[in-house]
Amino acid sequence: MTEQTVDPFARAVAITGVGMITSLGRGVDANWRGLTAGASGIHWIERFSTDGLRTRIAGCVDFMSVDPITIPSLSYAMADAVIAEAMDGSGLGAECSIGGDLFLAAPPIEHDWVSRLRLLEAVDPGGEGPYARDVGESGTEKTRVWHSDFMNGTLADKLAQKYRCTGSPITLTTACASGASAIQLGVESIRRGERPTALCVGTDGSINSEALIRFALLSALSTRNDPPEEAAKPFSKNRDGFVMAEGAAALVLEDPLHARARGATVLGYIVGCGEAADTFHRTRSNPDGHAIIRSISSAIADAGLQPEDVGYINAHGTSTPENDKMEYLGIAEVFGDHTKRLAVSSNKSMIGHTLTAAGAVEAVATIKSVEEGVLPPTINYREPDPDIELDVVPNEARAQQVEFAVSNSFGFGGQNVSLVIGGM
Amino acid sequence: MIDRDVCVTGYGLLSPLGEQPDAWWAALKDREIWRSRVDKDRYAPFIIHTIPDYDLSSQIPRPGDQRAMGPMMQYGVYAAGLALEMAGLKGDAALLQQVHMIVASGGGERDVDLDRAIVEGVTGRNDQDKWITAQMADGLRPTLFLAQLPNLFAGNISIVHKVSGSSRTFMGEEAAGADALRIACRRLASGQGDIFLVGAAFAPERPELQISYNAGGYMLRDEFADLWSRPDAGMCFGGAGAFLVLESRESAATRRVPVRVVIRGIESDRTDRATGDVAATAQRQIEKLGIGEIDRDTIVLSSASGAGAATGATAAERAWLESVAANAPVRGMAQVLGHPVEAAILQNVILACACLERGEAFEPLCPDSVVEQNGAGSVNRALVTCWGHGKGEAVALLEKP
C-alpha cells in the first residue's frame, strides 16, 4: 500500500448542529425514530407516470410545500429546512456570520422536462434548429428565472445569502460520495484555521422520470416493486439494485475550542476523513478493492486510530450486487480479524439511496448512533449472502455503545470517501 | 498555518488559440487567426469561439474512453494530459496515486438529438408526461448518461491518466473554477497535500446552455463586437480545457522539475449583486493579496464574460480596472477566447503563466478601448480577475518563481 497524505493539522472537529430530511420524515428526531424502528420510507412513485417503467418505487420526499417540483426547487426547500434545523440546534442562531463557509453537495441541475416545457410556453416560438424555438424573448423578468434557476451555483448562492455564510459558497459533486466530500471540505477548512465554523450540507431532490430512466439504463435500480418497502435489501443474497431516494442533511462543524468557548453542546466529532479515487471503470470498482481500502484506511489513519478502535460501520450498502460485495471485501481487508466483531448496517435499507445527500444524511445517522448508543438495523435481511460475512444488525435496531464509527460513501466515477465519527 | 509557496510545474490548455504556447502567442498577436475560430453560423444567432482540430487520441488513446465523453470532457481530459506531461507526472503510477484532483464542471452533456426530437414532437399532445417518458426510455443510451454526470469528468481523468489521490468536482459557473483553484492553493500551502491537479473545461457546442444563458439576457447575438463595447447581452461561449499542476517547492525539487510560476495568492468571494458593491469586494481582495501598485510590470488578464458590458458586471469590472490598473497592460481575454464559464479563470491563469515565462505582455486585444490602452512590455507579475456573469468575484496573483 502506498503512503497516505495525512493532514498535518489532523484533529477532531466538533459537530454542534444537525438537520435531516428523508422519506421517513422531517427533522432529526422523526428520522431517528424511523431508523431505529426499522421503518421504510420507500413507496410507489406518484409524482409522475411510471407506466411502462421497470422501476416504479422510490424514497420520494413528498411532504415539502413545493410547486412545481423541480430538481432545484425541491433540493433548495430541503436544504433550507435542514440548515435551519442545524443552525437552530447549534445555538448559533439563524446565521453563520461569525465566519462559516458553505459547502453544499447538490445534484447537477439541468432543465428537466417540466421546466423545459414551461420555458417553451414562456418564450416566443419560431425559428429553426434544435432548440431554436427557445430563442425568442430574452433577458426579461419572465425569462431570467429560467437562467438563474438552472445554474448549478444558484442554490448555494441563495443559501449563503439567507444564512449569511462567509466567503464564496462551494457547490460540489462527487456523485454518491458528495455529502461526505462536503463534510471533508469543512473539516479541512476548520483544521487550516481559516474559519471557526463550516456549514456542510447535502441535498438531493432529483427524482424525475429522466433520472429514473437513466439509472435504470445502468441496471442499477431494484425492480422488485411490490411491496416497495422490501425492495432495498443490502447484503442479502437476493439484492437486485438500489432504490432512488431524496433527502437532505446539514451539519454545523466547529473548531472545538470555539465551541467550548461559547458553551455550545457538542454532539460528536468528525475525527478523521479519507478518500481515494478509483482508476478502474466508470461504474465498477477495481476488483481488488484498493480504492475502497485506501479510503477507509486513510480515514482511520487521519483519525490517529487503529482499525480495532472502530466498533460500527454505517455502510454505503446500496443493495446493488456489486457495491455490497466490494464494500465487504474492502472492510474485510482493512479490519482483518476485527471484521467479525464489527457491526455494519445500511440506512439505505430503509431510506433508499439519497444519492448526492447520502454522505451527509448517513453521517448524521452515524452521529446519532454514537450519541445514543443505538445502531439502526439493516432491514429486509432475510436471505443472507453467504459470501458476505458481516454482522449487519439484521432487521432490528440494537443497543450498543461504540466509541468510533466509520461512515462510507462510494460514488460512480470511482469516488470514495470515508469519515470516522466519534462521541464525547 | 504552514505557508508554503504554491508552484506551477505544469499546465495544459486547449483553447481557440490552439494547443501549444507558441501557437497561443501567434494567435494572440494576429487578429486573423483568432477571428477565423469565431463561428457565428453554426448556432446562429449565437456566436461561439471554437477549438481548432486537435489529435484527441494522443491523450485519450482508447476509443472506448473517447466514446464515454462529450466534447467538454474530451477537452478537459486532453488538457489534463498535457499538464501532467509538462509536470513530468504522466505515467508515474506511484506519484499519480498521491495527486489530488479538483475539477470545476458544468452540467454534464446531453443527447441533443433526442432532446430535439422531444422538443419538436411534444407540442399539442395532451399526454406530454407519458409521451416524454416513453421517448426517453427508448432513446437514452447508458454511455451518454455517464457523460451527463459532472463528476465523471474527474472520473474520466482518473481512468485515462490514473490520477487517484483524490477527486473532487465543484459546480457553479465561474466561481467553481475560482474555488477549485482557491481550495487547491490553500490545501497545498498548508500541507494538506503536496501535488494537485486542478482544472476545468467548457464546450460551447451546447444548445441547451445557449438557450439558458439567452433566457437570462446574457448572450451576444448575430454580430461579433469588441468585448468592452458590447451590449449587456454580450457573451460568446468559448471552448476550453484548462489544467494546472500545483506543487510545493520541496516536491518539485525532489522530483527535479522546474518551477515555472508561483501563485502568490487567490481570493474568491460572493457579493450580493443586487445590493452589494462588487468593486469594494475586489478592492478588499487585492489589499488582502498585498499587491500594492498595479504598474506596467503587472499584466492584468481579465476574465470578464462580456455579459453586462454596457451596464452590468463587465462594465463594472472595466471601470474598476481603469481606475486601479490605469498604468498596467490590461487584456480582456474573452475577446479572443470567448467565455468558457467554469474554465475562465483557469484558462487565464495558464495564459498568465505563459506571459511570465516569456517575461512579456502581448499587445492589446481591443486596441480601441481605454481599458487596454497600455501596450506590451516586460512583466514580472500577473493579476487574473474573474467576476462571474451573475455571481462570484475572484482574483489571483502570480509571480515569476
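Couple of notes before you dig in:
- Dipole of segment A:306-411, positive direction: furthest Cα of A:G317, A:M350, A:I367, with charges on the beta-carbon: A:M350
- Label-zone membership for segment B:224-258, site B:A44, 7 angstrom Cα→C-beta point, backbone N under 15 Å: B:224
- Percentage, to the nearest whole number, of Cα pairs in segment B:311-401 over 17 Å apart: 49
- Put simply, chain A fits an ellipsoid with semi-axes of 33, 27, 19 Å; these come from the alpha carbon gyration tensor as the roots of five times its eigenvalues, largest first.
- In chain A, the DSSP beta bridges split such that about 65 percent are antiparallel, to the nearest 5.
- Computed over the alpha-carbon pairs of segment B:30-175, the distance histogram in 10 Å steps reads 10, 29, 32, 20, 8, 1 percent, short to long.
- In a reduced charge model with +1 at each Lys and Arg Cβ and -1 at each Asp and Glu Cβ, segment A:214-300 shows a dipole moment near 140 debye about its Cα centre.
- Segment B:72-224, relative contact order [Cα under 8 Å, separation at least 6], %: 40
- Average beta-carbon neighbours from other chains, 10 Å sphere, peptide A:279-287: 4
- For segment A:298-368, the convex hull spanned by the alpha carbon atoms encloses 104 Å³ per residue.
- Taking max minus min of the alpha-carbon positions on each principal axis, segment A:239-332 gives extents of 48, 33, 25 Å, largest first.
- The relative contact order of segment A:1-118, computed from alpha carbon pairs under 8 Å that lie at least 6 residues apart in sequence, is 27 percent.
- In terms of its Cα atoms, segment A:160-238 spans 49, 28, 21 Å along the principal axes, sorted from long to short.
- Order of A:H111, A:H316, A:H43, A:H147 under a 10 Å beta carbon neighbour criterion, fewest first: A:H43, A:H147, A:H111, A:H316
- Kirkwood Rh and Cα Rg combined as Rg over Rh, evaluated for segment B:109-210: 1.13
- Computed over chain B, the convex hull of the alpha-carbon atoms projects to a mean area of 19.7 nm².
- DSSP bridge orientation in chain B - percent antiparallel, rounded to nearest 5: 65
- Only the Cβ atoms of Lys and Arg (+1) and of Asp and Glu (-1) were treated as charged; on that basis the dipole of chain B about its Cα centre amounts to roughly 800 debye.
- Mean per-residue shielding of peptide B:380-389 is 1, counting Cβ atoms of other chains within 10 Å of each Cβ.
- Gain on full stretching of the segment that runs from B:E322 to B:S36 - 0.36 nm per residue minus C-alpha separation: 100.0 nm
- DSSP beta bridge pairing in segment B:169-269, given as percent antiparallel to the nearest 5: 90
- Estimated D of segment B:155-286 in µm² per second, where Rh is the Kirkwood radius over Cα pairs and Stokes-Einstein applies at 25 °C, 0.890 mPa s: 137
- For A:S97 and A:E383, the difference between the fully extended length at 0.36 nm per residue and the C-alpha to C-alpha distance is 97.9 nm.
- The residue among A:I292, B:L56, B:A252 whose Cα reaches farthest toward the positive pole of the charge dipole of the protein assembly as shown, with charges on the beta-carbon of Lys, Arg, Asp and Glu, is B:A252.
- Our estimate of slack between A:D391 and A:D29, defined as 0.36 nm per intervening residue step minus the Cα-Cα distance, is 127.7 nm.
- Relative contact order of chain B, pairs being alpha-carbon contacts under 8 Å that are 6 or more residues apart, as %: 23
- Summarised as an ellipsoid, segment A:142-292 has semi-axes of 32, 23, 16 Å, derived from the eigenvalues of the Cα gyration tensor scaled by 5 and square-rooted, with the largest first.
- Geometric extent, Cα atoms of segment B:243-401 - Rg, Dmax (angstrom): 15.3, 51
- Kirkwood radius for segment A:9-123, taken over all pairs of different Cα atoms as the inverse mean of 1/r, rounds to 17.0 Å.
- Label positions at A:E403 and A:K142, each projected 7 Å from the Cα along the C-beta direction, are separated by 6.7 nm.
- Rounded to whole Hz, the Karplus (6.51, -1.76, 1.60) HN-Hα couplings of segment A:300-311, x for glycine and proline: 5, 5, 4, 7, x, 10, 10, x, 5, 6, 8, x
- Straight-distance crosslink candidates among aspartates and glutamates, where the alpha carbon sits under 17 Å from A:K162 and sequence neighbours closer than 8 are dropped: A:D80, A:E85, A:D88, A:E95, A:D101, A:D149, B:D269, B:D272
- Point-to-point label distance, A:R284-B:R116, nm (Cα→Cβ direction, 7 Å offset): 3.5
- Too-long pairs where the Cα-Cα distance tops 28 Å, listed order kept, from A:K233/A:K368; B:K29/B:K400; B:K288/B:K391; A:K237/A:K348; A:K233/A:K340; B:K90/B:K391: B:K90/B:K391
- Exposure proxy ranking, count of Cβ atoms within 10 Å, fewest first, for B:M136, B:M69: B:M136, B:M69
- Partner shielding of B:173-181 amounts to 4, given as the average count of beta-carbon atoms from other chains within 10 Å of each residue beta-carbon.
- Overall dimensions of the protein assembly as shown as given by Cα atoms, namely Rg and Dmax in Å: 25.2, 76
A short reminder: the numbers here are calculations on the coordinates, not readings from a lab. Everything numeric in this text was worked out from a predicted model, so none of it was measured. Note that each Cβ is placed from the backbone with ideal geometry, even for glycine, and that neighbours are counted across all protein chains shown.
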